[in-house]
1. Quick check: is even one residue across the range 103-111 outside the structural domain of LYS36 (by TED's automatic domain parsing), touching a residue at least 12 places away in the same chain (Cβ under 8 Å) and crowded, with 20+ Cβ neighbours inside 10 Å?
2. Given the conditions (1) more than 9 Å from the ligand (Cβ to nearest atom); (2) part of a loop (DSSP other than H, G, I, E, B); (3) under 19 Å from ILE6 (Cα atoms), and given that GLY113 satisfies all but one, which numbered condition is not satisfied?
3. Scanning for something within 16 Å of the ligand (Cβ to nearest atom), free of Cβ contacts under 8 Å to residues at least 24 places away in the same chain, more than 29 Å from GLU26 (Cα to Cα) and of a type in the set (Asp, Glu), does the range 146-164 turn up at least one residue?
4. Quick one: which helices (runs of 4 or more DSSP H) sit completely within the range 1-90 and have at least 3 residues that are more than 30 Å from HIS143 (Cβ to Cβ)?
5. Among residues belonging to the range 118-142 that are surrounded by fewer than 14 Cβ atoms within 10 Å (Cβ to Cβ) and within 13 Å of the ligand (Cβ to nearest atom), point out the one that is nearest to GLU93 (Cα to Cα).
6. When you check GLU115 against the structure, is it modelled with pLDDT under 95 and acidic (Asp, Glu), yes or no?
7. Here are some conditions: (1) free of Cβ contacts under 8 Å to residues at least 24 places away in the same chain; (2) under 23 Å from the mean Cα position of the chain (by Cα); (3) not in a helix (DSSP H, G or I). ASN120 meets all but one. Which one does it not meet?
8. With the structure loaded, tell me whether ARG87 is touching a strand residue (DSSP E or B) at 6+ places or on another chain (Cβ under 8 Å), closer than 21 Å to GLU8 by Cβ and surrounded by 15 or more Cβ atoms within 10 Å (Cβ to Cβ) or whether it fails that test.
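The values are calculated or read from the model by the stated rules, or taken from the named source; none is laboratory data. Note that the coordinates shown come from a computational prediction; the quantities given were computed from them, not determined experimentally. Reconstructed Cβ throughout: ideal geometry from the backbone, glycine too, with neighbour counts over all protein chains shown.
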Amino acid sequence: MKIGGIFEELENRKLLVREFGEMALEILKLLPKSEKEAISDKDLSIKLNVKTNHVNNALELMNMHKIVGFVKEVDSKGWISYRWYLRPERLLEWIENEKTKIYKEYEKRLEFGEELYFCNICGISNGVYNFEDSELYKFKCPHCQNNLEILTFDDIEVYKSKKTKK
Ligand SMILES: [Zn+2]
């Protein structure tokens, strides 16, 4: 499975960083996609030039969502080490689930009559703005300065129908 498309979408990149931390994308891109090629946390940290425990924190979070898998190894001296790999199908599933949850929340807010604004470049998964905030931002996206647009049920439908590229 090709997963490059996942990282091409700004919306997905932001979701992943928000949930798994600043290093999430780097780690996910470095992880091999099969158990056989699993890589140790130490090797990952050397490649990323960061401390192993930083890499481990992110990996453990991702493991909770089953986005990554690991192989546990015990050497002759009884030292335990872990090697990690990516589970691309699960990554894709996680992103889709996350978006579904977020879209539902927006629909509820619209049903309650809230006026919401969004940036079509950054995407709606990473935040919509209520009227007060939008006014404060002069109706420009605080991230990219694109004009904010009013969010409708139809817009949400469009986002729903956009399936993540593999
Ligand atoms: Zn934007």
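1. Looking for residues that are outside the structural domain of LYS36 (by TED's automatic domain parsing), touching a residue at least 12 places away in the same chain (Cβ under 8 Å) and crowded, with 20+ Cβ neighbours inside 10 Å, one finds at least one in the range 103-111, hence yes.
2. Against the list (1) more than 9 Å from the ligand (Cβ to nearest atom); (2) part of a loop (DSSP other than H, G, I, E, B); (3) under 19 Å from ILE6 (Cα atoms), GLY113 comes up short only on (3).
3. no
4. Details: elements: 4-8, 10-20, 24-30, 41-48, 52-64.
Fully inside the range 1-90 and qualifying: 41-48.
5. Here is the first cut: in the range 118-142, the ones surrounded by fewer than 14 Cβ atoms within 10 Å (Cβ to Cβ) are 121, 130-132, 135-136, 138, 140.
Filter once more, so that each one left must be within 13 Å of the ligand (Cβ to nearest atom): 121, 140.
Numbers: ILE121: 23, LYS140: 32 Å.
The residue in question is ILE121.
6. Values: modelled with pLDDT under 95: no; acidic (Asp, Glu): yes.
Here the answer is no, as GLU115 does not meet what is asked.
7. In the conditions (1) free of Cβ contacts under 8 Å to residues at least 24 places away in the same chain; (2) under 23 Å from the mean Cα position of the chain (by Cα); (3) not in a helix (DSSP H, G or I), ASN120 misses (1) alone.
8. Values: touching a strand residue (DSSP E or B) at 6+ places or on another chain (Cβ under 8 Å): yes; closer than 21 Å to GLU8 by Cβ: yes; surrounded by 15 or more Cβ atoms within 10 Å (Cβ to Cβ): yes.
For ARG87, the condition - touching a strand residue (DSSP E or B) at 6+ places or on another chain (Cβ under 8 Å), closer than 21 Å to GLU8 by Cβ and surrounded by 15 or more Cβ atoms within 10 Å (Cβ to Cβ) - is met.
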